[in-house]
1. Based on Cβ point charges of +1 for Lys and Arg and -1 for Asp and Glu, what charge dipole magnitude is obtained for the chain about its Cα centre, in debye rounded to the nearest 20?
2. What number comes out for accessible area per residue over segment 345-537 if the probe is 1.4 Å? Units Å², please.
3. Specify whether the C-alpha gyration tensor of segment 30-148 places it in the rounded, prolate or oblate class, a ≥ b ≥ c being the square roots of the eigenvalues: rounded for a/c under 1.5, otherwise prolate if a/b is larger than b/c and oblate if not.
4. Quick check: the distance between the Cα centres of segment 444-459 and segment 238-260, to the nearest angstrom?
5. Sorting 164, 83 by accessible area (1.4 Å probe), largest first, what list results?
6. Could you tell me the relative contact order of the chain? Use alpha-carbon pairs under 8 Å, at least six residues apart, and round to a whole percent.
7. Have a look at the DSSP beta bridges in segment 345-537 and tell me what percent are antiparallel, nearest 5.
8. Restricting to DSSP loop positions (anything but H, G, I, E, B) with no more than 11 other Cβ atoms inside 10 Å of their own Cβ, which chymotrypsin sites (Phe, Trp or Tyr not before Pro) remain in segment 259-330?
Amino acid sequence: MVLKGSSLWQRFAVVLVLSVFALVQSEDPYRFFNWNVTYGDIYPLGVRQQGILINGQFPGPDLYSVTNDNLIINVYNNLDEPFLLSWNGMQQRRNSYEDGVYGTTCPIPPGKNFTYILQAKDQIGTFYYFPSLAFHKAAGGFGGIRILSRPRIPVPFPDPASDFTVLIGDWFKTDHKKLQAKLDRGHKLPFPDGILINGHGPNGAFFTVEQGKTYRFRISNVGLQNSLNFRIQGHKMKLVEVEGTHTVQTMYESLDVHVGQSYSVLVTMDQSAQDFYIVASTRFTDKILSTTATLHYSNSNKAVSGPIPGGPTDQIDWSLNQARSIRTNLTASGPRPNPQGSYHYGLINITRTIKLVSSADQVKGKQRYAVNSVSFIPADTPLKLADYFKIGGVFRVGSISDKPTGQNMYLDTSVMGSDFRAFVEIVFENHESIVQSWHIDGYAFWVVGMDGGLWTPDSRKEYNLRDAVSRSTTQVYPRSWTAIYMALDNVGMWNVRTQFWARQYLGQQFYLRVYSPVNSPRDEYPIPKNALLCGRAQGKSTRPL
């Protein structure tokens, strides 16, 4: 298992992995990553800023894997403050200890390292990683994740000529610590200064292609708060995958990518030999921010020219109709050989309906955000560790209701209890005038319906119970609702959050405790032997060797 010439930390990691994941089949390959997290100067909008680099890169390196690969990621924190990475869309099957948010994982202290032990279990698709503590996400530290299908599993399209990661997002010139201090003082974030594509401002990113060939673009919105529209001048995009689900292959001239979402498109280079604009621009904002990259034909004899192609701006109906058009390809295999549509989610009885309503208000004169009136505050100990070690007083299961209460906003460490193997309906209701974006760690869910107004039981008549797309992040339009179905088949402590990072930081999140009374590794892996211990868990031991 340990290759000749491998480093000491790799040999240690292999031994550690084998002891922690004894149940993982031996044929699942291991991939090793050694990441050094530092501060460094970056100039994404032409101004020097302190960015968070991984191995000297901004954005960080791609995390590449194949279904069921074991990923050993040794992260050295050379910042001057604690640090954590989380894995947006990776489900961490039976293993919420490795999720990399403060409710599950102790931060990596400055000058220390931690080895994440992940498995891309039964997953394919396009995702990304990001720093989850404080306001680090505003400084970088993010990168793309691609999980390829195993060679034996057919993919519903020919292999592309190449595969590009495209990370788009809004950006601030202000230092991330100053932005965090602004939120701590009770203020809202200002409007961003620009949009980045792969860490570059206007005309900075460059994609070289060959005429006549087809390429895959994996697009993720890694920004802080704005929905973005993505388009390529003179080219149409064939949507083929959304956050691990092969989709009905529909052609689009542009795509709305909401905060935290990921899409894969195929683009055929069928135009004359020249350069073209790639554009990302804000949606639903009074002031439209946009940026460009260059699509360069290798035999091009003409530089990019002409007006930047326009896109939709504030048209909610346009975006809603596009979202409804994105459906699962029922004949395509997912991570396993069986067709994606063989799991008939629409025929399963709902065991519980959870209705989540977000709100914005002030508590003690400071801006806060809440879910069902509860604005989340972190505990002094990660909730998953408190649960494992049975440390009382850290949190209370049921501290957030599964229905809106109408109470005034208040602060609490909100944890919702749920039963393993339940099949739930979750309704996100948005009473505000902004588009919102919601994510659930540890899961993919079916987006069965969305519409304007208030949700009622009659809204179920509009549900797509056949081929709704399965994903981990969904948008909720202004004064509208979005409904999802979710099978609670992954035991653990899972973060449910807005992807708007200032709202998440100021309380619009909670934890879903999916519980099984059977203490069996069939339901949940034991605590990792190398788990960092902090707060009231400090000084305790994980497991004997």
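The values are calculated or read from the model by the stated rules, or taken from the named source; none is laboratory data. No experiment lies behind these values; they were computed from the predicted model shown. Neighbour counts are summed over all protein chains in view; Cβ atoms, including those assigned to glycine, are modelled from backbone coordinates with ideal geometry. Heavy atoms of the whole protein, side chains included, go into the accessibility calculation; ligands, DNA and RNA do not. Shrake-Rupley method; radii C 1.70, N 1.55, O 1.52, S 1.80 Å.
1. Working: 53 positive and 43 negative charges, 177 e Å.
So the magnitude is around 840 debye.
2. On the way: 7190 Å² over 193 residues.
So segment 345-537 comes to 37 Å² accessible per residue, rounded to a whole number.
3. Prolate is the answer for segment 30-148, as a/c is 1.5 or above and a/b outweighs b/c.
4. Using only Cα atoms to place each centre, the spacing works out to 20 Å.
5. Working: 164 35, 83 0 Å².
From most exposed to least exposed: 164, 83.
6. Values: 1417 pairs, mean separation 76.1, N = 545.
Relative contact order for the chain comes out at 14 percent.
7. Working: 36 of 52 bridges.
About 70 percent, rounded to the nearest 5.
8. On the way: sites: 263, 276, 277, 284, 297, 318; in loops: 284.
Taking segment 259-330 and a limit of 11 other Cβ atoms within 10 Å, no loop chymotrypsin sites (Phe, Trp or Tyr not before Pro) are found.
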